[in-house]
């Protein structure tokens with residue numbers, strides 16, 4: 001039967017829709033809106049002429065672009081209501097998926113994302129949260145790759161400013177030192193005590209290494225991720241060092257920087273963790289030999 005050649009494994013179909021729903025929810029912050037955006041993307045797919053469909057080598061990538069564009073259009077609508085006003089978040093209508101997303105994302109973080117411009121939110125979510133290729137992000141946002149990179153950086157700065165509060169150098173140094181000691185000792189209980197309950201960790205692998213693709217939320221999951229990432233290994237060191245003007249952590253393997261970690265603090269707890277393992281972004285670190293504080 002000819003149509004049998006078009007069959008796709010059910011697991012792949014389910015995973016594809018879940019991925020698209022994740023993208024839409026992070027961009028829109030609403031389960032109901034996410035469903036609608038994904039449904040519209042599939043409608044656009046089926047509206048394509050058959051030859052155009054067959055010419056698309058990676059339907060999932062096409063659908064991701066479509067969802068991103070639809071979400072950006074919705075974010076940019078004049079007078080768009082915020083999440084709390086949408087009336088689409090009842091437990092009856094959202095079910096288990098909403099509870100899953102709430103475990104992954106805090107109300108605080110969603111609120112901060114609501115404060116970004118549509119372009120900043122799109123660039124940040126597509127780049128930092130889902131690690132899409134720069135060209136794909138640029139296509140969706142409708143700006144050049146450098147412009148999208150600048151938008152994502154502005155979003156990161158806004159997230160830091162809204163979630164954290166100014167801390168003294170001594171407070172930052174002490175917090176980072178305690179995090180380092182807990183990671184080196186693989187002390188999960190101690191590390192969790194240093195993290196805010198709604199802490200979020202972002203991992204930037206740039207699609208070049210097998211870093212975690214999605215952000216990790218909650219003190220237990222973030223602690224587990226950090227302890228796994230920094231598990232003691234021969235020829236691996238973890239040292240405190242200035243990162244973007246504030247004390248952070250530099251991880252080296254065979255004397256080369258393999259990861260740079262920034263920590264944002266509020267009320268004496270870590271509220272955001274930014275882990276860069278993207279080899280391209282680590283090149284500048286490996287051209288110099290920073291002095292360590294230990």
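For residue 276, are the conditions met, namely being crowded, with 22+ Cβ neighbours inside 10 Å and under 17 Å from residue 172 (Cα atoms)? No; evaluated as a whole, the condition is false for this residue. Going through (1) part of a helix (DSSP H, G or I); (2) crowded, with 20+ Cβ neighbours inside 10 Å; (3) in contact with a helix residue (DSSP H, G or I) (Cβ under 6 Å, 6 or more places away or on another chain); (4) modelled with pLDDT under 90 one by one, residue 63 falls short only on (4).
Against the test of being without any contact (Cβ under 8 Å) to a residue 24 or more places away in the chain and part of a helix (DSSP H, G or I), the options 148, 190 yield a single qualifying residue, 190. Looking at 214, 210, which one is under 20 Å from residue 280 (Cα atoms), out of contact with any strand residue (DSSP E or B) (no Cβ under 7 Å at 6 or more places or on another chain), part of a loop (DSSP other than H, G, I, E, B) and without any contact (Cβ under 8 Å) to a residue 12 or more places away in the chain? Of the residues listed, the single one that is under 20 Å from residue 280 (Cα atoms), out of contact with any strand residue (DSSP E or B) (no Cβ under 7 Å at 6 or more places or on another chain), part of a loop (DSSP other than H, G, I, E, B) and without any contact (Cβ under 8 Å) to a residue 12 or more places away in the chain is 210. Of the residues making up the range 110-129, those that are within 14 Å of the chain's Cα centre (by Cα) and closer than 15 Å to residue 72 by Cα are 113, 120, 121, 122, 123, 124, 125, 126, 127. Counting the residues of the range 176-193 that are within 29 Å of residue 26 (Cα to Cα) and surrounded by fewer than 21 Cβ atoms within 10 Å (Cβ to Cβ) gives 3.
The values are calculated or read from the model by the stated rules, or taken from the named source; none is laboratory data. Source: prediction; values computed, not measured. All Cβ positions, glycine included, derive from the backbone under ideal geometry; neighbour counts span all protein chains shown.
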